[in-house]
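J.: Here it is, the structure, as C-alpha cells.
Quick note: the coordinates plus some simple rules give every number you see, no bench work behind them. Here the structure is a predicted model, which is why all the values come from computation and not from measurement. Backbone-built Cβ (ideal geometry, glycine too); neighbour counts: all protein chains shown.
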Amino acid sequence: MPTVGVVAVQGDFEKHIEALERCSIPGLIVREVRVGEDLAQVDRVIIPGGESTTVGMLMQRFGLAEALQEAASNGMPIWGTCMGMILMAQTIEDRPHQFSLGLLNITVRRNAFGAQVHSFEDEVQMEGIDTPVMGVFIRAPIVTDIKDPAIPVASYQGKVVAVRQGKLLGTSFHPELTDDVRLHQWFLGI
C-alpha cells in the first residue's frame, strides 16, 4: 500500500487527509508533509488549496520546494488542487514573478472564476472516471496554455480545469470538499 503525504504548511490539508481515510484502503498510511525531509517517508504527495504566495514562500523556507522538484524528477506522483496546481505550473499568467515549482508544462490564471463570493459547485467530467465528479471551485484557477507532455483531463464551460503530465496531476477544483473519493482513489492508482 502507498504512503501518501499531504503538504501541511497552510490550507485545507485536513480535508485531503479525511478524504484519503474515507477511501478505506487497508494499510494505507497518510502523513503530513511540512519540510523537505518528510518526503522521504512517502510514495506520493498532494499539494492542497491555500494561498499560493504564502505557501510558495513557506515551501522555499522549509526546503520543501526543492525536495518536491527532485521527487517529481524521480517519478513521484504529485497532485495539486487549486493552489497546488498553481504552484505546480510552469507559469502563473497574472503573476509571472511569483514562485512556482515549474512541474507542469502549463500556464495558469489565478481566480479565473472570480473572487471568494463567486465560489460554486458543479459536475466535472474527468477523463478516466466513468461519471462526473463534483467540482468545488473556490477562487479557482484555469489553465490558459498547455504544452506537451501535459494533457487536459477535464474542462468546465470550455476552460481546462484539470491536467495530467505523466504521474503529475493538477485540478483547479477541490474534490476533498465533497463526499466523493473517486479522484483520490484514482490518484492512489497512479
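J.: Report the longest stretch of the chain that contains none of the trypsin sites (Lys or Arg not before Pro) sitting in a DSSP loop with at most 15 other Cβ atoms within 10 Å.
T.: Working: sites that count: Lys147, Lys167.
Value returned for the longest uninterrupted segment is 1-146.
J.: Further, regarding this structure: List Asp130, Asp145 from most exposed to least, where exposure is judged by having the fewest other Cβ atoms within 10 Å. Please list the in-between numbers first.
T.: Values: Asp130 7, Asp145 15.
Fewest-to-most Cβ neighbours within 10 Å comes out as Asp130, Asp145.
J.: Suppose a student asked you for the relative contact order of the stretch 3-188, using Cα pairs under 8 Å spaced at least 6 residues apart; what percent would you report? It would help to have the intermediate numbers written out before the result.
T.: On the way: 422 pairs, mean separation 36.5, N = 186.
Computed value for the stretch 3-188: 20 percent relative contact order.
J.: Run the dipole for the stretch 3-188 about the Cα centre, Lys and Arg Cβ at +1, Asp and Glu Cβ at -1, nothing else charged, and hand back the magnitude in debye, nearest 20. The partial results should precede the final answer.
T.: On the way: 15 positive and 23 negative charges, 78 e Å.
Taking the Cα centre of the stretch 3-188 as origin, the dipole is about 380 debye.
J.: Still on this structure, please answer the following. Debye calculation, C-alpha points only, no solvent: report log10 I(q)/I(0) for the chain at q = 0.07, 0.10, 0.13, 0.16 Å⁻¹, in the same order as the q values.
T.: -0.16, -0.33, -0.58, -0.93
J.: In the stretch 82-185, with Lys and Arg counted as +1 and Asp and Glu as -1 at Cβ, which of these residues, Gln157, Ser119, Ile106, has the Cα nearest the positive end of the dipole, that is, farthest along it?
T.: About the Cα centre, the residue reaching furthest to the positive side is Ile106.
J.: Let me ask you something else. Check cross-link reach from Lys147 to the lysines: straight Cα distance under 19 Å, and skip same-chain residues fewer than eight apart.
T.: Filter leaves Lys159, Lys167.
J.: What value, in deg cm²/dmol to 500, does the helix sum -39500 (n - 2.57) over DSSP H runs of n ≥ 4 give at 222 nm once divided by the residues of the chain?
T.: Values: 5 runs with 43 residues, N = 190.
Roughly -6500 deg cm²/dmol at 222 nm, from the helical runs in the chain.
J.: With unit charges on the beta carbon (Lys/Arg positive, Asp/Glu negative), name the residue among Gly166, Thr53, Pro132 whose Cα is farthest towards the positive pole of the charge dipole of the stretch 3-188.
T.: Thr53
J.: Can you pull the one-decimal nm distance between simple spin-label points at Arg31 and Asp43, each 7 Å off the Cα toward Cβ?
T.: 1.3
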